[in-house]
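Asker: The structure follows.
The values are calculated or read from the model by the stated rules, or taken from the named source; none is laboratory data. Fair warning: this is a prediction, and the values are worked out from it, not measured in the lab. We place every Cβ from the backbone using ideal geometry, glycine too, and count neighbours over all the protein chains shown. Calculation scope for accessible area: heavy atoms of the full protein, side chains included, ligands and nucleic acids excluded. Shrake-Rupley method; radii C 1.70, N 1.55, O 1.52, S 1.80 Å.
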Amino acid sequence: LCGGPMTLLFDAEQNFSCRSCGECCRRSFDITFTEAEWAGCLKENVARWFRESAAAESGATQPPFEALGSDLWAIRKRADGVCGFLSAENRCRIHEEMGGAAKPLTCQMFPFSFDARGEDTRVSVSFCCPTVVRNEGQTLDDQKRALGGLVRRWRQQTTPADRPLEWVKGRPLDPELLETIRWIFRRLLDLHEPSFSLRRNVRRIGTLLEDWTRARVLKLDPERFEDYVRLTGEFAVDKPADPAPSRPRIPRLLFRGFLFASLVPWASRTETAGSGLALRLRLLRLLLHVHGLMPGVSGLRMSRAFGAGLDLDAEPFFTPAYHVLRAAIENLGSGRRPVVDELSFAVSHLLVAEHLYLARETSEGALPAWVRAIMDAHDVAHADPDSSFGRVLASLAAPPSALHLFGARASTSGA
């Protein structure tokens, strides 16, 4: 609880403390300002703290803000994709000169995001942050007071819509049944029968998800649907089967599309030429490479990723991978997408991270490279689900294909 009638719903096992690494200032998503925040920055002449490149002196040569609409603005990114207000010491110049409260609420909230659930608010975190991926720092429970203050400001500033909770598109889901589903999925993820296997357990969840999304099951009335989910879910936990890995061809092709779409922010962020034509050519080469029609580009060799996958039951890969999947289950029900799609997206992002780790040429150690791959794979998690790009992602991550693909991969050490 967080004072008053408002309840914060969050993952009790998630930790976070800011390490001032500056990674959030290097991500591809927009850093937005309201018109009031933008006007305050103009009044203080914040352009004098803007840097046009990592090596440039302070001082913007062009306006540091771009209009996104009639009452919304974004910080203009440098050619290397970094926020122009990031100093060489990984400090926000607006924060340094004017205090943390002067930063846009977007920056103050990161890595948290909020979704209205009636009078309550679901708090989730972004896996574009390395300390979130590593699950380091204070528990969210210890930060309820600070989170509550941010939530109140967010509600005042955005007047969020309370989206309906859905199982699949058009099928309402009772919050109490969601708690049961969450419990079933978590139990399946943690099964040690006959021995622990993260991929096998995800296959088990995928098999159950496939059953619960069959047309004749979705036609059941709410009471019978709830009874069916409870009965089959408890049976799957008590008498777990070992589903054989499937090798679906069409989902593999769709995943390559999702993989390319997920790499677009990364490829755009590493483009330094500043030319729109150069970026388009770069993305075309990447698209052809992902589909096996062009050799390695941008330090990637995807041919190394389409074979055996990582041994996700071994360190250093297990702890971050398990955390991503566990957190996805705990955070189901944001309302941004149907619950089935939310889980499919989470597994799709982890699949992208696995491919990116195996394909990337890097001198980083295994754990830092794995954490960075997870971060880069989650850039598209910030896409508006109602946008054209968000709808394309949804069509490419059609559930439960991602869970079957994840569970079907054979393992190699990958170190």
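Asker: Would you report the distance distribution of C-alpha pairs in the range 307-380 as whole percents per 10 angstrom bin, up to the bin with the largest distance?
Answerer: For the range 307-380, the pair-distance distribution reads 19, 51, 24, 6.
Asker: Let me ask another. Could you work out what % of the accessible surface of the chain is carbon and sulfur, using a 1.4 angstrom probe and leaving DNA, RNA and ligands out of the count?
Answerer: About 54 percent, which is the carbon plus sulfur part of the accessible surface.
Asker: Next question, about the same structure. With every protein chain present, what is the per residue accessible area of the chain (1.4 Å probe, Å²)? Please report the intermediate quantities before stating the final value.
Answerer: Details: 19020 Å² over 415 residues.
Accessible area per residue: 46 Å².
Asker: Per the helix-only calculation at 222 nm, which mean residue ellipticity applies to the chain, given -39500 (n - 2.57) for every DSSP H run of n ≥ 4 and division by its residues, nearest 500 deg cm²/dmol?
Answerer: On the way: 16 runs with 190 residues, N = 415.
Calculated at 222 nm, the ellipticity per residue is -14000 deg cm²/dmol.
Asker: Roughly speaking, what is the stretch gain from Ala56 to Tyr228, that is 0.36 nm per residue apart minus the C-alpha to C-alpha distance, in nm to one decimal?
Answerer: Separation in residues times 0.36 nm, less the Cα-Cα distance, equals 55.7 nm.
Asker: I've got another one for you. Relative to the first principal axis of the alpha-carbon coordinates of the chain, what is the inclination of helix 175-189, with its axis defined by its Cα atoms, in degrees from 0 to 90 and to the nearest 10?
Answerer: Helix 175-189 sits roughly 80 degrees off the main axis of the chain.
Asker: Relative contact order (percent) for the chain, with alpha-carbon contacts under 8 angstrom and 6 or more residues of separation?
Answerer: The normalised contact order for the chain reaches 20 percent.
Asker: I need the shape label for the chain. Rule: rounded when a/c is under 1.5, else prolate if a/b > b/c, else oblate, with a, b, c from the alpha carbon gyration tensor.
Answerer: Note, shape of the chain comes out oblate.
Asker: Can you list the lysines whose alpha carbon is less than 20 Å from that of Lys103, not counting same-chain residues fewer than 8 positions off?
Answerer: Of all the lysines, those that pass the test against Lys103 - Cα under 20 Å, at least 8 places apart if same chain - are Lys43, Lys77.
Asker: May I pose another question? Straight-line reach only, C-alpha to C-alpha below 23 angstrom: list the lysines that Lys169 could link to, leaving out same-chain residues fewer than 8 apart.
Answerer: Lys219
Asker: Let me ask another. How much net charge surrounds Asp120 when only other residues with a Cβ under 12 Å from its Cβ are counted (Lys, Arg +1; Asp, Glu -1)? Kindly include the intermediate steps, with their values, before the conclusion.
Answerer: Details: positive: Arg117, Arg122, Arg155; negative: Asp115, Glu119, Asp162.
Once positives and negatives cancel, what remains is 0.
Asker: Using a cut-off of 14 Å between beta-carbons, work out the net charge of the residues near Pro104 (Lys and Arg +1, Asp and Glu -1, Pro104 not included). Walk me through the numbers on the way to the answer.
Answerer: Values: positive: Arg76, Arg93, Lys103, Arg153; negative: Asp30, Glu35, Glu37, Glu44, Glu66, Asp71.
With Lys, Arg at +1 and Asp, Glu at -1, the net is -2.
Asker: Quick one: length gained pulling Phe306 to Leu281 fully straight, 0.36 nm per residue minus the C-alpha distance?
Answerer: Full extension of this stretch gives 6.6 nm more.
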